[in-house]
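Please read the structure below before turning to the comments.
The values are calculated or read from the model by the stated rules, or taken from the named source; none is laboratory data. Since we're looking at a predicted model, the values are computed, not measured. Reconstructed Cβ throughout: ideal geometry from the backbone, glycine too, with neighbour counts over all protein chains shown. The protein model used for the area step is the full one, side chains on, heavy atoms only, and it has no ligands, DNA or RNA in it. Shrake-Rupley method; radii C 1.70, N 1.55, O 1.52, S 1.80 Å.
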Amino acid sequence: LVDTRSENFDLVKEGIHTYKEIRHDLMTALPYWPLGISHYKDSWVCVGEKAKTKDYLAVWRRNSEKSTIQLPIRHLAGLNVSVRCIYPKAQNGSYLWNRESGIFTVTLPVEFSARLFELSAENY
């Protein structure tokens with residue numbers, strides 16, 4: 001039996017730590033919505049924050065039968081982008097940046113899960 005209270009506490013603690021690491025970037029970042037502004041019943045939600053030297057992209061899989069979503073990040077198209085999942089660190093799923101199309105593909109195999117990504121581009 002897993003103690004979910006301890007797991008949840010660890011996730012909250014990690015989330016606070018992650019926020020403290022990136023909050024200086026978020027103060028001047030500009031938001032964008034690769035899927036458009038979300039609605040309550042959307043099966044996927046995504047919001048990006050364009051900071052001075054990198055982007056942060058929060059992706060939520062809600063009530064979706066599809067485990068993969070393609071997110072257009074047009075302002076990064078054509079650029080070499082390094083991507084890392086910064087929250088949660090222990091995560092399942094996968095992600096892939098397509099430089100030519102500017103499409104970021106995310107797979108989250110479990111419904112009602114979320115990830116926060118950091119995208120850093122050369123010559124940004």
Q | segment 1-28 - residue that is assigned to a loop (DSSP other than H, G, I, E, B) and open to solvent by 100 Å² or more (accessible area, probe 1.4 Å) and, of those, modelled with the lowest pLDDT | A | L1
Q: Answer yes or no: is there a residue in segment 98-111 that is free of Cβ contacts under 8 Å to residues at least 12 places away in the same chain and assigned to a strand (DSSP E or B).
A: yes
(Q) Taking the condition of being touching a residue at least 24 places away in the same chain (Cβ under 8 Å) and either in a strand (DSSP E or B) or in contact with a helix residue (DSSP H, G or I) (Cβ under 9 Å, 6 or more places away or on another chain) (or both), how many residues in segment 81-97 meet it? (A) 9
Q | Subset of segment 45-57 [modelled with pLDDT of 95 or more and open to solvent by 20 Å² or more (accessible area, probe 1.4 Å)] | A | V47, E49, K50, K54
Q | Qualifying residues in segment 29-44 (those that are among the hydrophobic types (A, V, I, L, M, F, W, C) and under 21 Å from P109 (Cβ atoms)) - the one surrounded by the most Cβ atoms within 10 Å (Cβ to Cβ) | A | W44
Q: Check off (1) under 17 Å from F112 (Cβ atoms); (2) surrounded by 11 or more Cβ atoms within 10 Å (Cβ to Cβ) for N63 and give me the number that stays unchecked.
A: (2)
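Just name the residue that is modelled with the lowest pLDDT out of those in segment 60-110 that are among the charged types (D, E, K, R) and closer than 23 Å to I16 by Cα.
Only one residue fits best here, namely K89.
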